[in-house]
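Remarks on the structure that follows.
Values quoted throughout were computed directly from the atomic coordinates according to the rules given, and no laboratory measurement underlies them. Keep in mind it's a predicted model, so treat the numbers as computed, not measured. Note that we place each Cβ from the backbone using ideal geometry, even for glycine, and neighbour counts take in every protein chain shown.
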Amino acid sequence: MGVLKRDFLPEHLKPELDQNGFEGCVLVQTAHTLQETQWFLSLADQFPFIKGVVGWVDLRSREVGGQLKRFVAHPKFKGVRHIAQSEPDDRFLVGKEFLEGISRLAEFNLTYDILIYPKQLPAAIELVRKFPKQPFVLDHLAKPDIKAGKLSPWKEQIQELAQSPNVDCKVSGMVTEADWKNWKPADLKPYLDVVFEAFGPKRLMIGSDWPVCLLAGNYGRITGVVQDYLSAFSKEDQDAVLGCNADRFYRL
């Protein structure tokens with residue numbers, strides 16, 4: 001993990017975006033603190049290429065309404081995420097207090113990023129069905145076990161999740177679930193095939209998972225896997241996955 005033990009700031013990302021043909025990015029939370037959300041919004045003020053921020057609020061708190069009202073005053077606050085993958089309860093996403101918090105997002109026109117492991121997919125399926133009008137996006141394909149080449153039951157659960165039209169999926173985070181030192185694009189293709197078939201190119205968006213992706217490869221190599229995969233698709237579908245879908249989903 002040594003490669004990650006330094007500061008990563010917007011000025012370090014901008015050259016990567018420029019070199020790989022991206023005009024901007026969405027900055028997504030990493031900590032369960034209101035302070036980080038406020039800091040991310042201040043960075044978005046300083047760096048125009050940060051088009052939107054997905055922050056954190058305490059969805060289980062009675063104060064969640066006030067927290068949401070505070071942050072939506074900033075035009076770049078677009079959505080909320082909780083690192084549910086780290087919660088010991090695999091059904092965290094459908095806990096009573098958490099559901100009450102999710103129910104508040106619609107009145108503020110906010111999205112929700114689902115960050116989970118495959119074992120939590122059943123709860124995610126239940127969550128998105130409870131709120132059919134709430135926009136959700138699944139981060140990192142729910143982190144399938146690519147290193148072991150395992151597809152089921154992840155594949156079938158992804159197909160079931162995708163049946164809910166209010167859910168998009170980020171094509172990101174795959175390389176850190178593969179063999180960090182020895183992965184090849186062919187290792188990722190079966191997983192790309194699953195999500196492209198399940199969601200279609202109109203509900204998928206590229207993500208870098210930068211800087212975490214540096215554990216397994218540089219920014220250009222990581223995003224290049226998706227760009228190469230898309231070469232067989234129409235220009236319209238390529239544009240959708242590489243930017244337009246994020247614009248639509250996050251209202252950038």
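Miscellaneous remarks
- Theoretical FRET efficiency, 1/(1+(r/R0)^6), r = Cβ-Cβ of Glu236 and Arg91, R0 45 Å, to 0.05: 0.70
- For the chain, alpha-carbon Rg and Dmax in angstrom: 17.2, 49
- When the chain is treated as a GNM with alpha-carbon contacts under 10 Å, the residue of Ser86, Ser164, Ser208 showing the greatest mean-square fluctuation is Ser86.
- Over 28 Å apart at the Cα level, from the set Lys14/Lys184; Lys14/Lys119; Lys150/Lys181; Lys76/Lys150; Lys147/Lys235, are Lys14/Lys119; Lys76/Lys150; Lys147/Lys235.
- Between the listed residues Ser234, Gln38, Phe249, the Cα displaced farthest toward the positive end of the dipole of the chain, a dipole computed from Cβ unit charges relative to the Cα centre, is found at Gln38.
- Loop-located chymotrypsin sites (Phe, Trp or Tyr not before Pro) in region 150-200 (DSSP state other than H, G, I, E, B) with a sparse environment of at most 14 neighbouring Cβ atoms within 10 Å: Trp180.
- Dipole check for the chain: with +1 at the C-beta of Lys and Arg, -1 at the C-beta of Asp and Glu, and the Cα centre as origin, the magnitude is about 320 Debye.
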